[in-house]
Each structure stands twice: as structure tokens, then as C-alpha cells.
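A short write-up of the structure that comes next.
The values are calculated or read from the model by the stated rules, or taken from the named source; none is laboratory data. Everything numeric here is computed off the predicted structure, so don't read it as measured data. Neighbour counts are summed over all protein chains in view; Cβ atoms, including those assigned to glycine, are modelled from backbone coordinates with ideal geometry.
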Amino acid sequence: ALVQTSVGKVLQPIQTATPPEDPTKTVGPLPSKVGTRSPFENSVRKPSDISSRTPLQDMYSTITPADLHFERHHAGIPTIDPNKYELLIHGMVKRPMKFSLHDLKRFPAVTRTCFIECAGNFRTGKEDMTPQEILGLTSQSEWTGVMLSTLLREVGVDPKSTWFLAEGSDAAILTRSIPVSKAFDDAMIVYAQNGEAIRPAQGYPVRLLLPGWEGNTNVKWLRRLEFGDQPWMTREETSKYTYQVGEKVRQFSFEMDARSIIIYPSYPGKVEPGYIEIRGIAWSGRGKVNKVEVSTDGGKNWEIANLQEPVLSKAHTYFRYLWHWDGRQTEILSRVTDETGYIQPTLQQLKDARGPEMGGYHLNPITAWTVKRDGSVWLKPEEFKKL
Amino acid sequence: ALVQTSVGKVLQPIQTATPPEDPTKTVGPLPSKVGTRSPFENSVRKPSDISSRTPLQDMYSTITPADLHFERHHAGIPTIDPNKYELLIHGMVKRPMKFSLHDLKRFPAVTRTCFIECAGNFRTGKEDMTPQEILGLTSQSEWTGVMLSTLLREVGVDPKSTWFLAEGSDAAILTRSIPVSKAFDDAMIVYAQNGEAIRPAQGYPVRLLLPGWEGNTNVKWLRRLEFGDQPWMTREETSKYTYQVGEKVRQFSFEMDARSIIIYPSYPGKVEPGYIEIRGIAWSGRGKVNKVEVSTDGGKNWEIANLQEPVLSKAHTYFRYLWHWDGRQTEILSRVTDETGYIQPTLQQLKDARGPEMGGYHLNPITAWTVKRDGSVWLKPEEFKKL
Amino acid sequence: GHNSQKDWPDSFGYGKTASKADIIAKDIDVRPDGVGLPKGAGRIDTGALIFAEKCAMCHGVGGKLVKGQKLPAPALVSDTNFVKRKGNTVGNYWPYATTLFDYVRRSMPYNAPGSLTNQEVYDITAYLLYANGVIKKGATINAQTLPKVVMPARKYFVNDDRRGGNEVR
Amino acid sequence: GHNSQKDWPDSFGYGKTASKADIIAKDIDVRPDGVGLPKGAGRIDTGALIFAEKCAMCHGVGGKLVKGQKLPAPALVSDTNFVKRKGNTVGNYWPYATTLFDYVRRSMPYNAPGSLTNQEVYDITAYLLYANGVIKKGATINAQTLPKVVMPARKYFVNDDRRGGNEVR
Ligand code: HEC
Ligand code: HEC
Ligand SMILES: [Ca+2]
Ligand SMILES: [Ca+2]
Ligand SMILES: [Ca+2]
Ligand SMILES: [Ca+2]
Ligand SMILES: [Ca+2]
Ligand SMILES: [Ca+2]
Ligand SMILES: [Co+2]
Ligand SMILES: [Co+2]
């Protein structure tokens, strides 16, 4: 069978899920322009009209394949001609400028591996939920581009400027206000993802990268930065991405709190008694993962998991913990501590801190899985009003 | 337009290379199960009947997208049913065993980012050659699997065993003999690449990973390991992957010597006078890249390039060097030194060391590019008999 | 070499100076202090008509949630009671009135973004503020008055006070 | 916890003991010392016929390079002159005769791998050794003799002596 590849242009033979009796006796497809997945693998995102979730339970390491990176669009994926692309920087700057994609690529470049996570990344309420369903709105890539601070040397930002506006060129012309301090800290203007051009769904040809900050602020299809001395109070930072805490509404909560989840074993997996390597990912928007603890007795005792090196700042970090399961029903949980000393809370701790009207953003609770006697694994659901 | 994705099963809308006049006025495609590339990007491998080459000149960082990983097959890509897959380990072991894919995945896992490079990765002779054509037979992935040493605890290798045979289940039933010391050092049995299942072209469902060793030894579609007390002298280690040095033929030259190449600027690119960030990749089969030097005057003077962190052992390492080009014709070169102190040689140094009958494997010479006054960049070809 | 940032030139010289026209073509934002608002003034009645024609099919008749009916878009209209609210609307949640003008002009209607004239956006803005009980019939909505509209929920909004460290907030 | 390798169990208990039959089904390799060679003996004449029928279409008539003709597969036959060789063949380059049996049985013919009987592989092996001038007409090729065939190029093969460090080898 011939199939169009993901590049959408090349035809190539694919393998089918009916392999020959003995693969050593049949010459297979020869080298091609673009490879394919095994027909036996079915790892896909879970899409809705506005988002799609990364199949975290299928991940063996922490770079998300670009075509499985989670999505959150507000008006679909725009098609942008890279040859007409321009980034405009203006406002409180000495010299307003525009940069073509070629211009951006000429500046000294930097590569940074970090996660992006939607601030609304939390679901619970049912036993039969997968990691993908619970918190699949996070993914990780190797991002390459230019430090925003490098561009700002060119335009000369007014030292009195305190906020800038980042604006996309999708049909929502999505905007967020960002403190200028982040621009000079670690903000990047990125054009590459996992070694190649950014995928359309992730902002092709250029997006803003704000390591560790809520996904929505990493404006995709970036067309404009305006420097000013106050936030713009755009719809995405007022109506959305704000949440009730006590009797107040918290706004501009940029950093993603530390979080972890066990992805193996997880629903709908099944395990056998004996040695089980518990596996999962942990991350923090504030820096490195310091440690991950795992409990296999419902939270009574906690032990240190191994972290896969290299442990990078503001990056998904794989953890593993070897457990001997005696076959009795129990609960397994993971809990991350980041380099600031922040310890991942339970949902109850979040409720205690934020009050009964707690909103649905920035929820990073410990996730517990029930392992039943038959080896089946189920989410231990939490009670939370907004699912 | 609907297109079959790389998974080969899902239909989804793709973008075409005729974007709307104003992308902010048209809602684009919504989230999907599997993403696609921009229709404006054309990065593909360069295939022949026996191999395909990674488009190194298009790479912005060091993880190669799995569908662009170089290929070298000896009888095409076999289709293997993961549910019938078995790895047999026998020979000089206490207990010969077979492991299903499920068995292998249960063992304590490890992730390692490293390059694989074909020992025949060298071409020259013409000015109009791209990095892909010169040395596109190397790529890098995040590999996950079980340390071979972990499996060997289960079978109990006889301490007298000195070599093992690794055998694939492609139609070539490809075999290589490997010293047992490598099995206990850093050899891995890997089932995942860049976070997901290994692609069929890279050995699905399981391959041998020998970090830093010639590509051919990293046997794909691995079906069998036999432990013995002498090498098997298979066709791939006698007729192939041996090469004349002086009056002798060198065999079992496993380690890949340190190497680097400038990928930007390179043929067929064009540059403008002014600041140019020279970019490239460097690696060594013996450990970490210690330093990369760049010369912009044909090799008279050398200066230190920046290395992109994290620098990993036996891994492609991105380097960058900011150059101010005055517009005059010159030659630019890169030279890596690895952590053993090995300095990448010129082809002439290799000829001097290996003699006039020098064979075509394990050639890692410095690559020089000529930058002409019009900004065009051309390979400075070497004279070498076998192209 | 220029490999250390200290040795970088003051300017790499890539990119071009943006002209006034370049900026005007994209500078569509509206700030809380009214910077960015065009000339013109909103008419509540006309806004209601436009809303019925171009918005109600997604946001519901009058922009209101109807029990048992699932809308493809959020409800936009309620009273101004923040504490007892069910769902966030312009009236009970939005802290700035300028956001309404800015957002509707850049993003709505969802199926034809960028199709509204400034006049239409003013009219809709006036209508939605009125329908939410934020302004009274006869109120003037223009570049001077819109920034001065005190949104009922404004007083609840506070900046993030999380600080990392061993503290759940 | 068992997270440090020191705390690992002696065996994780995954996987199964392989039976004799499991091993026999895959253990097809042949070593330089003859381990793995089946019963039987090669006949040069029959080997020549099989080669003409099943191999020559890719490897050329008699396995030889013909000037000006491009073959889809490497030449297999020449004299035994290593020093003056043009291209590597069984006669001028291959260090072990057992490799020929092993490789042909596992991989050839390219278009029908695994289709040859042991008898056919013995015959082809005898023929190719003969055609390359390595053995004489009438020589016996079997499990005992094949490992003893001294390949002309054997003496040139040496193990890798590169060592890293500042030394080009
Ligand atoms: C075809 C459907 C559709 C039409 C027509 C439409 N909208 Fe919307 N509207 C949406 C959707 C969907 C959203 C949510 C978008 C998002 O969250 O990114 C939305 C969001 C909004 C919001 C923000 C609501 C909030 O709580 O943040 C406002 C205000 C709005 N629309 C106003 C309008 C106005 C005014 C019109 C007409 C001029 C209009 N819409 C027409 C679908 C529509
Ligand atoms: C359809 C084409 C084809 C046919 C028929 C074929 N071969 Fe080959 N043969 C090849 C190719 C292609 C290679 C190179 C394979 C590689 O490098 O992996 C090869 C390689 C070989 C080699 C190794 C050569 C070297 O220098 O390493 C031997 C020996 C060989 N074939 C023997 C045979 C014999 C014996 C037969 C018949 C029984 C045969 N071949 C039939 C295509 C063919
Ligand atoms: Ca799977
Ligand atoms: Ca909400
Ligand atoms: Ca390209
Ligand atoms: Ca050769
Ligand atoms: Ca503005
Ligand atoms: Ca054997
Ligand atoms: Co979001
Ligand atoms: Co190779």
C-alpha cells in the first residue's frame, strides 16, 4: 500500500499489520524519504474541538514526538507563509523594528529543552481515566531560537517599560501581557522544535517560549510584541487564566507549580505480582526537579525514586521506582519536590489553601492509582466541582 | 484536503501551501490525533536502495526526528508483530532464556541520548555537496530500554565467554560479533526512540544499542544473542566494516572516532557579509566532546566554539561560533577534540597514518567549506579514490 | 572571536526599521486606560440588533445561558453578582470594560473574525455592558468613557502571590 | 525500596527458559572453527550449476566483474591477489571460508533468502572457493574441511589498534 507521509507530499510503501509468517524470508520496504510508525502502534492524541492531549501513558522518555505534542487552539491552526512572515517589535523602544524569519535565524541561537503545560491541565472524577485524560495537556520539546533579550538589544527597550504584549496571527489574534523581566530572564523567540521547523500546531513559523510559564502565554504564530508600562488586561488574562482563591480572583499567575504523575502502571493497564518498575514524569515551572517520592501504601510511607539524567530546569523529568507488589490491593502515588523546596500538594491541601470556591486553573494535585487484587489499575478520583 | 498521517490510519485535514491572504481572518484546522509538518517545509532524507541520509543541514538541535533518522538496510525493513516477538539468549549461559517484548519492558529501564553513525559515513569529491550527502549517515535519538547487563543477570553468562553474536530478524538475518565487555559496559536492548516505540526502519520492536560503536553493530530487529568464546567472523565483520591500513586490514574497529561538521553555512546556502553564526555538530564514540574549534581562515587560526548544553557522552553536540565575515573569499572549518584528547584529523593526516591504500570506512576528516565573494558556499572537495 | 556575549556588536544589523504604516496595520490592541480605542461611540439598541444577528446563534438569545440548552460558546450576560455567580460573564467576572472592545474586535464573531467595523464593535460593547447591568440605558460609550466604566468584579482581582518554597497557595 | 542495583533481586523472574527446540529454530550461525556446520559435503560442479541458475543474474556470469557492465550485486570471484586487487572478493579478501557458508545460507539469494538447502549451500561454497582459486578441483568441502581452508587474505587481518588520545591511526 502507498501512503502519503506526514510531510503530505511523498508517497511511500507502508507496512501493514499482517506481517509475513517469517520476516527473515521476505525483503521488506527499502529506504525512503520519510519514515512511518509501525502499523502495530496506536499512540495518538485525544482531540476535542479546542484541544488535544498527549498520550503520556505511552511515553518512554521526555521528548514528546512533535506530531503528538498537545494542542490548545482558540481559532484553529493558521497557515502561514514563512516567506511573508514578520515579527514586529514596537511601543516603548528606541527603534521599532520588523524581523523576517530569515533575520531571526541569523541571530545567535540557543536550544532549550523544556515542558509546556496548559494552566487548565487537570481532570478527575472517574475511575477509568488515563494519564492522557487526567493531564495530557503537557508536552516537552527541544526548542531552538533566539533569546528575546538578544532581539531587545536591537530595538533598545525603554528601561521604564514594565510589560509587553505578545500577539499571535491566528484567527483569535491571541494576546497576553508579560512582565518585561521575563523577557530579560529566559524568554525565547523559537522557530524550531525537536531539531526541525516548529510544527503548524505549535506555532509555525515562530512562537514565544516562556520556560515554566502557563502554556497560553507561550503565544504561537507570534506576529507582534509591543512594549508598554502596564498590562493590557486581555481576555486571556482576565476572563480566562484567572481563578478564585478565597474571596479573590488570582490574576497573572504565570509559573506552573511542580507536579508529577505515575504513568506506569496506570489505567487501563494491568500488572502482575512481583517486581514492578513504577514510572512517571515530574516537572516544575520554577526550576529543576529536586526529588520525586513514591508511596505504594496509599501515602503512609514515601521512598525516593530514581531520576533519569540529565535533570534539566523547567523540564519533564522521568522517574522510576522499583516496587515489589505482593498482590494485595493498594494505592500508589508520586510526589515531586522542586528546587525551591515546593512539595506537590494533595487536592485537599489545595482546597484548604484556596477555599471552597477554588477555580479550575493551576491545579497540580498528587494523583493516586488504586491497584486491585486482579492487577487492574484505576484512578482514585477526587471530588472537584468543575471537570 | 484529507491526508493519511504517518500512523497510516488516521485521516486529517492538512494545510496547503496556498495560505489565506490574512491568516487572522480564517479559522484553521482544529486539533487532531496526529500532527503534520508545514506544507512549506521540505526536509527529507536522501534515499538510495540501501540507505537514506539525514538532512543534517536542516537540523536546529540534536534529536533527529524519528522519521528522518538515517537508514542502512541490508534487505529492507521487516514487518514484525510485537506480540509474537521474542529475544533468545543462549550459548555460554547458565540458563538459556527467551523474552517477549512485554518481558523486556518490565525490567528496570534506562534512557540514553546518543548518536548512531554508519562506519561508511564519508563522501567527497565534488564542490556541490550538502552535509546530508557528505555525512548524512548519522542521527541521534533518545533511546529507552533495558541495560543488556540487567538481562545477563537473568541468564547467568559464563565468565569465560568473551564474545557474543547479535542477530537480526530481517531478511539478511544480519549478525555481528561483539566483545562481552561491551555488554557489561553500556550496551542496551532498546524498544523506544524519542519517547515512543522504535520506528520500523530503526529496528522495531527491539534493537541492540552500542553507544559510540559503528552503526552496523547496533543490530536492528534483534532476535538472538549467543554467547561464546570467539568471534564468529560474520560477513559484516570480514568482507565489510574492515579496511586496509598500511599493508594490513583492520578488523573489529568498533569505536567511532571524533568528528564534526559545519552545517551552517554550507552548500547550497548563501550568506551576506557581516555577523554570521557558524553552526555545526560534533561527536565522539569515545565519550564527551571536549571542545570544538572553528577556523575562518582556511586553518591558519582556530578559535573555540560554544557548545550547547547539556553536553552528553557519545552524543551529537551542537556548536556555534560567531564570525564577522568581511566579504572576502575564505575557507571555514571545524575540528573537534574529545575527552580522550583525540583531535579530529584532516584527510591528509588519515592518509599519512593509514597509507595510500587506505580503505573507505572510519573516515572522519575535517570538512572545509569555501565561502566565495558572492556569499555562495561550496564544499572544498578532497581527493579520495572511493566515493 | 565574538563568542562571548561581551564581544557582541551593539547591533547585529539584521531586520528593518518598522514604519508607522507597519505598526498601524497590526497595532489593534486596546488598553485599560483607553489607549488604542478608535473614534466613535456605542449605541445600545443597535448593538442589540447586531448581537441578535451575528452573535446570538452561538452565545444564545441575549447572550444568556438557557437551562437545558447547550451552546457552542460561553454565555456572556448575567447580573453583576460575583459571589453567587454560576459561570463567568462580562457582568459578574470581567474586570475591565476595554477588554470587551479589544477581544470582540480581534476575535469575534468566531466564524468571521475581523469582519466587524469599529462602529459595530462599539455598539456591541455598549449593548453587552448594558445587558449585564453594568451601564444604564442612555450611557455614552466612547474612547473617553469606556476606560472609566467600573466593572463590578474589578475589586476581586489580585496579583499572584505564590512564591514557590514549601507553601501551598 | 529496591531502587539501588544492590537491592535488586537475583532474578526479576520475567521471561522463560528457552527449550532446545527454541534454540535450534534460530541457531543458524557457523563459526570459524566449524561449530554450526551441518552434515553434508559440497560439489563444485553442482555448485556451478546452482550459481548460474540462482546467483549469476545479480553477481554476473561466474561471479565475475565484467568491464563496462554494472551489476546489482558485488563481484564474488577473482584471483587470490590481495595486494593488486580491484574490489574485494572471496578469493582476494575474505579471511574465513566458514563466513561464505554462513552468509549464503542466511541471506542469499537476495530475492529468496532462506530458500537454499544445506546441500545447495555446501555446493555453492565449494564452487565459489574453487572459482576464486582457493581450493582445487576434487577438494572435499564439509564440516571438517571447511574450517581448515586457509584463506589467502587471512594473514592481512589484524585487530583494531586505535586507542583514542592524541594519535591518528
Ligand atoms: C460561530 C460561533 C460564534 C459566533 C457567531 C460568535 N461567537 Fe463569540 N465566542 C465563540 C466561542 C467558541 C468563544 C470561546 C472562544 C475561546 O475560548 O477561545 C467565544 C467567546 C466570546 C467572548 C468571550 C467570552 C468569555 O467568557 O471569555 C465574547 C465576549 C464573545 N465571544 C463575543 C461575541 C460577539 C460579540 C459575537 C458577535 C459579534 C460573537 N461572539 C459571535 C463563538 C462564537
Ligand atoms: C536478486 C539479486 C541477488 C541474487 C539473485 C543473489 N544475490 Fe548475492 N548479493 C546481492 C546483493 C544486493 C548483495 C549485497 C548485500 C549487502 O551488501 O548487504 C549480495 C551479496 C552477496 C555476497 C557477499 C558479497 C560481499 O562481497 O560481501 C555473497 C557471498 C553472495 N551475495 C552470494 C550469492 C549467492 C551464492 C547467490 C545465489 C545462491 C546470490 N548471492 C544471489 C544480490 C543478489
Ligand atoms: Ca502503545
Ligand atoms: Ca472557567
Ligand atoms: Ca528546510
Ligand atoms: Ca569496500
Ligand atoms: Ca498598542
Ligand atoms: Ca550458534
Ligand atoms: Co491553556
Ligand atoms: Co553501515
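Could you count how many residues in the range A:35-47 are more than 7 Å from chain B (Cβ to nearest Cβ) and not charged (D, E, K, R)? Talk me through it step by step, then tell me what you get.
Our first condition is that a residue be more than 7 Å from chain B (Cβ to nearest Cβ); within the range A:35-47, this holds for A:42, A:46.
Still in the running and not charged (D, E, K, R): A:42.
Count: 1.
Of the conditions (1) at the interface with another protein chain (Cβ under 8 Å from one of its Cβ atoms); (2) not in a helix (DSSP H, G or I); (3) not charged (D, E, K, R), residue C:37 fails just one. Which one is it?
Among (1) at the interface with another protein chain (Cβ under 8 Å from one of its Cβ atoms); (2) not in a helix (DSSP H, G or I); (3) not charged (D, E, K, R), the lone unmet condition for residue C:37 is (1).
Being within 12 Å of chain D (Cβ to nearest Cβ), among the β-branched types (Val, Ile, Thr) and closer than 21 Å to residue B:61 by Cβ is the filter here; which residues of the range B:310-350 pass it?
None; the set is empty.
A quick yes/no check of all residues on (1) among the aromatic types (Phe, Trp, Tyr); (2) under 25 Å from residue B:195 (Cα atoms); (3) touching an Asp or Glu at 6+ places or on another chain (Cβ under 8 Å):
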position: B:102; (1), (2), (3): no, yes, no
position: B:111; (1), (2), (3): no, yes, yes
position: B:120; (1), (2), (3): no, no, no
position: B:134; (1), (2), (3): no, no, no
position: B:145; (1), (2), (3): no, yes, no
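With respect to residue C:91, determine if the residue is within 15 Å of the chain's Cα centre (by Cα), within 13 Å of chain A (Cβ to nearest Cβ), part of a loop (DSSP other than H, G, I, E, B) and buried (at least 17 other Cβ atoms within 10 Å of the Cβ). Lay out the reasoning, then the answer.
Values: within 15 Å of the chain's Cα centre (by Cα): yes; within 13 Å of chain A (Cβ to nearest Cβ): yes; part of a loop (DSSP other than H, G, I, E, B): yes; buried (at least 17 other Cβ atoms within 10 Å of the Cβ): yes.
Taking the combined requirement at face value, the residue satisfies it.
Test residue A:125 against the criterion of being surrounded by fewer than 23 Cβ atoms within 10 Å (Cβ to Cβ), over 22 Å from residue B:59 (Cα atoms) and either not assigned by TED's automatic domain parsing to the domain that holds residue A:359 or not hydroxyl-bearing (Ser, Thr, Tyr) (or both), and give yes or no.
Values: surrounded by fewer than 23 Cβ atoms within 10 Å (Cβ to Cβ): yes; over 22 Å from residue B:59 (Cα atoms): yes; either not assigned by TED's automatic domain parsing to the domain that holds residue A:359 or not hydroxyl-bearing (Ser, Thr, Tyr) (or both): yes.
Yes.
Considering every residue within the range B:96-112, establish whether at least one is touching a strand residue (DSSP E or B) at 6+ places or on another chain (Cβ under 9 Å) and over 26 Å from residue A:265 (Cα atoms).
Of all residues in the range B:96-112, those touching a strand residue (DSSP E or B) at 6+ places or on another chain (Cβ under 9 Å) come to B:96-101, B:103-112.
Subset that is over 26 Å from residue A:265 (Cα atoms): B:96.
Yes: one or more hits.
Scan the range B:104-132 residue by residue and report those that are aliphatic (A, V, I, L, M) and either part of a helix (DSSP H, G or I) or farther than 19 Å from residue B:87 by Cβ (or both).
At the first step, the residues of the range B:104-132 found to be aliphatic (A, V, I, L, M) are B:104, B:109-110, B:116, B:119, B:129.
B:104, B:116, B:119, B:129, listed by residue number.
Which of (1) touching a residue at least 40 places away in the same chain (Cβ under 8 Å); (2) under 26 Å from residue C:158 (Cβ atoms); (3) within 14 Å of chain A (Cβ to nearest Cβ); (4) part of a loop (DSSP other than H, G, I, E, B) is the odd one out, the single condition residue C:125 does not satisfy?
The failed condition is (4).
Could you please find all residues in the range B:244-270 being more than 10 Å from chain D (Cβ to nearest Cβ) and either aromatic (Phe, Trp, Tyr) or within 16 Å of ligand 4 (Cβ to nearest atom) (or both)?
Of all residues in the range B:244-270, those more than 10 Å from chain D (Cβ to nearest Cβ) come to B:256, B:259-270.
Answer for the range B:244-270, where residues must be more than 10 Å from chain D (Cβ to nearest Cβ) and either aromatic (Phe, Trp, Tyr) or within 16 Å of ligand 4 (Cβ to nearest atom) (or both): B:264, B:267.
In this structure, does residue B:287 turn out to be more than 20 Å from residue B:117 (Cβ to Cβ) and either surrounded by fewer than 19 Cβ atoms within 10 Å (Cβ to Cβ) or touching a Lys or Arg at 6+ places or on another chain (Cβ under 7 Å) (or both)? If you could, list the steps in order and put the result at the bottom.
Working: more than 20 Å from residue B:117 (Cβ to Cβ): no; either surrounded by fewer than 19 Cβ atoms within 10 Å (Cβ to Cβ) or touching a Lys or Arg at 6+ places or on another chain (Cβ under 7 Å) (or both): yes.
The answer is no for residue B:287.
Could you tell me which residue of the range C:1-34 is surrounded by the most Cβ atoms within 10 Å (Cβ to Cβ), considering only residues that are in a loop (DSSP other than H, G, I, E, B) and polar (S, T, N, Q)?
Within the range C:1-34, the subset in a loop (DSSP other than H, G, I, E, B) is C:1-4, C:8-15, C:18-19, C:27-34.
Next, from what is left, pick out any that are polar (S, T, N, Q): C:3-4, C:11, C:19.
Details: C:3: 18, C:4: 10, C:11: 13, C:19: 11.
Within the range C:1-34, the match that is surrounded by the most Cβ atoms within 10 Å (Cβ to Cβ) is C:3.
Do you know which of the residues in the range B:16-56 that are of a type outside the set (D, E, K, R) and not in a loop (DSSP other than H, G, I, E, B) is farthest from ligand 9 (Cβ to nearest atom)? Walk me through how you get there before you give the answer.
Within the range B:16-56, the first condition is being of a type outside the set (D, E, K, R), and the residues that meet it are B:16-20, B:23-24, B:26-32, B:34-36, B:38-40, B:42-44, B:47-48, B:50-52, B:54-56.
Next, only the ones that are not in a loop (DSSP other than H, G, I, E, B) stay: B:23-24, B:47, B:51-52, B:56.
Values: B:23: 20, B:24: 20, B:47: 40, B:51: 43, B:52: 38, B:56: 35 Å.
Ranking the qualifying residues of the range B:16-56, first place goes to B:51.
Which residue pairs have Cβ atoms under 6 Å apart, sit 6 or more places apart or on different chains, and have a first residue in the range B:210-224 that is without any contact (Cβ under 8 Å) to a residue 24 or more places away in the chain and a second that is part of a strand (DSSP E or B)?
none
Give, as residue ranges, the strands (runs of 3 or more DSSP E) completely inside the range A:133-233 that count at least 1 residues that are more than 18 Å from the chain's Cα centre (by Cα) and more than 29 Å from residue A:363 (Cα to Cα).
A:138-147, A:222-228
Any chance the range A:353-362 includes a residue that's buried (at least 18 other Cβ atoms within 10 Å of the Cβ) and assigned to a helix (DSSP H, G or I)?
yes
Criterion first (over 14 Å from the mean Cα position of the chain (by Cα), of a type in the set (Val, Ile, Thr) and not in a loop (DSSP other than H, G, I, E, B)) does residue D:158 satisfy it? Spell out the reasoning first.
Working: over 14 Å from the mean Cα position of the chain (by Cα): yes; of a type in the set (Val, Ile, Thr): yes; not in a loop (DSSP other than H, G, I, E, B): yes.
Against the criterion (over 14 Å from the mean Cα position of the chain (by Cα), of a type in the set (Val, Ile, Thr) and not in a loop (DSSP other than H, G, I, E, B)), residue D:158 qualifies.
Just give me the residues in the range D:14-29 being more than 29 Å from residue A:275 (Cβ to Cβ), at the interface with another protein chain (Cβ under 8 Å from one of its Cβ atoms) and among the β-branched types (Val, Ile, Thr), in sequence order.
D:28
Answer with yes or no whether residue C:113 is of a type outside the set (Val, Ile, Thr), more than 16 Å from ligand 6 (Cβ to nearest atom) and buried (at least 16 other Cβ atoms within 10 Å of the Cβ). Give the derivation first.
Numbers: of a type outside the set (Val, Ile, Thr): yes; more than 16 Å from ligand 6 (Cβ to nearest atom): yes; buried (at least 16 other Cβ atoms within 10 Å of the Cβ): yes.
In short, yes.
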